[in-house]
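Chemist: Starting off with a structure, shown below.
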Amino acid sequence: MSNSVSPRALVLHLGVLVILFALQFVLPPYHNGIAARIMVLAIYAIGYNIAFGYTGLLSLGHAMFFSAGMYGAGMSARLLEFAAPSAFFVGVICAILASCLFGLLALRTAGVAFMIVTLMFSQAAYLVILYFNNVTRGDEGFVIERTLRQIGGLDLADPVVRYNAAFVLLAVCLIGSLYLVSSSTGRVMIAIRENEERTRMLGNNIFAYKLLALTASGTVAGIGGAAYALLFGYTGAAFAEIQYSILPLLWTLVGGAGTTLGPILGTAAMFYLVDIASEFTSAYLFFVGLALVLMILLLPKGVLGTVREKFVRWLP
């Protein structure tokens, strides 16, 4: 799989990572914790962007992949007392299996039908979590003991360690997504998004590429879920609800679908919008809706999508 990442695109992404790393030294404790949470959720959004932004697969079921990683890591730590690295590995494997098996079934549909099927599968997974309440603890969820959240003597519950662990995972997923979408495989994914029939006529196996994109997308989403469970020590059914399938879509749209940095910007912007608005009113969703309306009117391709269209055309 050849790639063609431009030097300036690589420098830009490395520059963003340097800024994110440096922020931990200037942010107050409260915002340091928020930044760690945003980075983990941004990993989830990066995964969603691979399927939706680059391949055109509008999914309403990605909460299933996020929660697969979360419950894979959380339950292996809680029930089997796996150490954090092993629990994380189990979570990622669960996400890979879930996304691959799901793709083999759901990708037999397309368009609106695909969107509905993803929603149905995700809700089914949520109901399974609730049904096995005696094991999963349902809506109540469960806390992962601090003693199980250790890696090589480092305590993942420590704010400094947690921030840097989230940063490392985000850096790997961001650079990985950059190389993926810049590769020949990524170019085919983009071609499928733009004109699926023409891409098929050129001899490409559309189903195989879509399955690859969805599996990669679900895997990255699962990495975010497993990281969330281990870094913040909590696993609950709320993360499998429909809202956690809609949120990465909103984050991606705000930041700019089909841009590698868009999911990070969109996640940070929407997270802080909700955080600030909720301090003043319980109707914070009104401000979220207002922001989305203004975004559609003024920046229909998202922040970085518009920047790329009008100013920086080389932005990946």
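The values are calculated or read from the model by the stated rules, or taken from the named source; none is laboratory data. Note that the structure is a prediction, hence the values are computed from the model and not measured. Cβ placement follows ideal geometry from the backbone for every residue including glycine, while neighbour counts extend to all protein chains displayed.
Chemist: Taking Ile93 and the conditions (1) surrounded by 16 or more Cβ atoms within 10 Å (Cβ to Cβ); (2) touching a residue at least 40 places away in the same chain (Cβ under 8 Å), which numbered condition does it fall short on, given that it satisfies the others?
Modeler: Unmet condition: (2).
Chemist: If you scan the range 270-286, which residues turn out to be surrounded by 18 or more Cβ atoms within 10 Å (Cβ to Cβ) and either under 23 Å from the mean Cα position of the chain (by Cα) or among the charged types (D, E, K, R) (or both)?
Modeler: Quick first cut of the range 270-286, residues surrounded by 18 or more Cβ atoms within 10 Å (Cβ to Cβ) only: 270-271, 277.
Met270, Phe271 - these are the residues of the range 270-286 that are surrounded by 18 or more Cβ atoms within 10 Å (Cβ to Cβ) and either under 23 Å from the mean Cα position of the chain (by Cα) or among the charged types (D, E, K, R) (or both).
Chemist: For the range 270-303, which positions are touching a residue at least 24 places away in the same chain (Cβ under 8 Å) and under 22 Å from Pro316 (Cβ atoms)?
Modeler: If the condition is that a residue be touching a residue at least 24 places away in the same chain (Cβ under 8 Å) and under 22 Å from Pro316 (Cβ atoms), then Met295, Lys301, Gly302, Val303 are the ones that fit.
Chemist: Looking only at the range 296-308, which residues are over 21 Å from the mean Cα position of the chain (by Cα) and over 20 Å from Ala51 (Cβ atoms)? Full working, then the answer.
Modeler: Let us first name the residues in the range 296-308 that are over 21 Å from the mean Cα position of the chain (by Cα), namely 296-300, 306-308.
Within the range 296-308, Ile296, Leu297, Leu298, Leu299, Pro300, Thr306, Val307 qualify.
Chemist: State all residues of the range 289-316 that are among the β-branched types (Val, Ile, Thr), in contact with a helix residue (DSSP H, G or I) (Cβ under 9 Å, 6 or more places away or on another chain) and surrounded by 15 or more Cβ atoms within 10 Å (Cβ to Cβ); if no residue qualifies, say none.
Modeler: In the first step, residues of the range 289-316 are kept if they are among the β-branched types (Val, Ile, Thr); the result is 293, 296, 303, 306-307, 312.
Remaining after also requiring in contact with a helix residue (DSSP H, G or I) (Cβ under 9 Å, 6 or more places away or on another chain): 296, 303, 306, 312.
Matches in the range 289-316: Val303, Thr306.
Chemist: From the list Ala87, Ala171, exactly one residue is under 15 Å from Ile223 (Cβ atoms), surrounded by 20 or more Cβ atoms within 10 Å (Cβ to Cβ) and either of a type outside the set (Gly, Ala, Ser) or at pLDDT 95 or above (or both). Which is it?
Modeler: Values: Ala171 fails: surrounded by 20 or more Cβ atoms within 10 Å (Cβ to Cβ).
Selected residue: Ala87, the only one of Ala87, Ala171 that is under 15 Å from Ile223 (Cβ atoms), surrounded by 20 or more Cβ atoms within 10 Å (Cβ to Cβ) and either of a type outside the set (Gly, Ala, Ser) or at pLDDT 95 or above (or both).
Chemist: With the requirement that a residue be over 19 Å from the mean Cα position of the chain (by Cα) and either surrounded by fewer than 23 Cβ atoms within 10 Å (Cβ to Cβ) or among the β-branched types (Val, Ile, Thr) (or both), what does the range 102-113 give you?
Modeler: Filtering the range 102-113 for residues over 19 Å from the mean Cα position of the chain (by Cα) gives 104-113.
Listed by number, the residues that qualify are Leu104, Leu105, Leu107, Arg108, Thr109, Ala110, Gly111, Val112, Ala113.
Chemist: For the range 239-256, which residues satisfy the criterion of being small (Gly, Ala, Ser) and not in a helix (DSSP H, G or I)?
Modeler: Step one: of the range 239-256, the residues small (Gly, Ala, Ser) are 240, 245, 255-256.
Selection gives Gly256 alone.
Chemist: Would you check which residues across the range 225-266 are small (Gly, Ala, Ser), farther than 30 Å from Ala191 by Cα, buried (at least 24 other Cβ atoms within 10 Å of the Cβ) and over 13 Å from the mean Cα position of the chain (by Cα) and list them? Reasoning before the result, please.
Modeler: Pass one, the range 225-266, residues small (Gly, Ala, Ser): 225-227, 229, 233, 236-238, 240, 245, 255-258, 262, 266.
Subsequent filtering for residues that are farther than 30 Å from Ala191 by Cα retains 226-227, 229, 233, 236-238, 240.
Subset that is buried (at least 24 other Cβ atoms within 10 Å of the Cβ): 226-227, 229, 240.
Ala229, Ala240 - these are the residues of the range 225-266 that are small (Gly, Ala, Ser), farther than 30 Å from Ala191 by Cα, buried (at least 24 other Cβ atoms within 10 Å of the Cβ) and over 13 Å from the mean Cα position of the chain (by Cα).
Chemist: Residue by residue through the range 200-238, note down the ones that are over 23 Å from Ala171 (Cβ atoms) and in a helix (DSSP H, G or I). Let's see the steps before the verdict.
Modeler: So in the range 200-238, the residues over 23 Å from Ala171 (Cβ atoms) come out as 200-211, 214, 234-238.
Hits for the range 200-238 are Arg200, Met201, Ile206, Phe207, Ala208, Tyr209, Lys210, Leu211, Leu214, Ala237, Ala238.
Chemist: While we're here: Report the residue count in the range 261-301 for those that are farther than 21 Å from Gly224 by Cβ and small (Gly, Ala, Ser).
Modeler: Residues meeting the conditions: 6.
Chemist: Scan Glu197, Glu140 and give me the residue that is in a loop (DSSP other than H, G, I, E, B), surrounded by fewer than 16 Cβ atoms within 10 Å (Cβ to Cβ) and of a type in the set (D, E, K, R).
Modeler: Working: Glu197 fails: in a loop (DSSP other than H, G, I, E, B).
That would be Glu140, the only listed residue that is in a loop (DSSP other than H, G, I, E, B), surrounded by fewer than 16 Cβ atoms within 10 Å (Cβ to Cβ) and of a type in the set (D, E, K, R).
Chemist: From the set of residues in the range 144-155 that are surrounded by fewer than 21 Cβ atoms within 10 Å (Cβ to Cβ) and of a type in the set (A, V, I, L, M), which is farthest from Val18 (Cα to Cα)? Working first, answer last.
Modeler: Our first condition is that a residue be surrounded by fewer than 21 Cβ atoms within 10 Å (Cβ to Cβ); within the range 144-155, this holds for 145-148, 150-155.
Add one more test, that the residue is of a type in the set (A, V, I, L, M), and what stays is 148, 151, 154.
Working: Leu148: 30, Ile151: 24, Leu154: 22 Å.
Ranking the qualifying residues of the range 144-155, first place goes to Leu148.
Chemist: For the range 11-68, enumerate the residues that are under 15 Å from Gly255 (Cα atoms), of a type in the set (Val, Ile, Thr) and touching a Lys or Arg at 6+ places or on another chain (Cβ under 7 Å).
Modeler: Within the range 11-68, no residue meets the criteria.
Chemist: Identify, from the list Leu285, Leu299, the residue that is closer than 30 Å to Ser4 by Cα and at pLDDT below 90.
Modeler: On the way: Leu285 fails: closer than 30 Å to Ser4 by Cα.
Checking each option against the conditions leaves just Leu299.
Chemist: How many of the residues in the range 257-316 are outside any helix (DSSP H, G or I) and not polar (S, T, N, Q)? Please lay out each step first, then the result.
Modeler: Initially, the range 257-316 is screened for residues outside any helix (DSSP H, G or I), giving 257-261, 278-283, 299-302, 311-316.
Within this subset, residues satisfying the condition of being not polar (S, T, N, Q) are 257-258, 261, 279-280, 283, 299-302, 311-316.
Matching residues across the range 257-316 total 16.
Chemist: Quick one: which residue in Tyr54, Tyr44, Tyr48, Tyr71 is part of a loop (DSSP other than H, G, I, E, B) and either more than 20 Å from Ala227 (Cβ to Cβ) or aromatic (Phe, Trp, Tyr) (or both)?
Modeler: Values: Tyr44 fails: part of a loop (DSSP other than H, G, I, E, B); Tyr48 fails: part of a loop (DSSP other than H, G, I, E, B); Tyr71 fails: part of a loop (DSSP other than H, G, I, E, B).
Step by step, each of Tyr54, Tyr44, Tyr48, Tyr71 is checked, and only Tyr54 is part of a loop (DSSP other than H, G, I, E, B) and either more than 20 Å from Ala227 (Cβ to Cβ) or aromatic (Phe, Trp, Tyr) (or both).
Chemist: List every residue pair whose Cβ atoms lie under 9 Å apart, where the two residues are 6 or more positions apart in sequence or sit on different chains, the first residue falls within the range 34-60 and is touching a residue at least 60 places away in the same chain (Cβ under 8 Å), and the second residue, located anywhere, is among the acidic types (Asp, Glu).
Modeler: Listed pairs, sorted by first residue: Ile34/Asp275; Gly56/Glu194; Gly56/Glu196.
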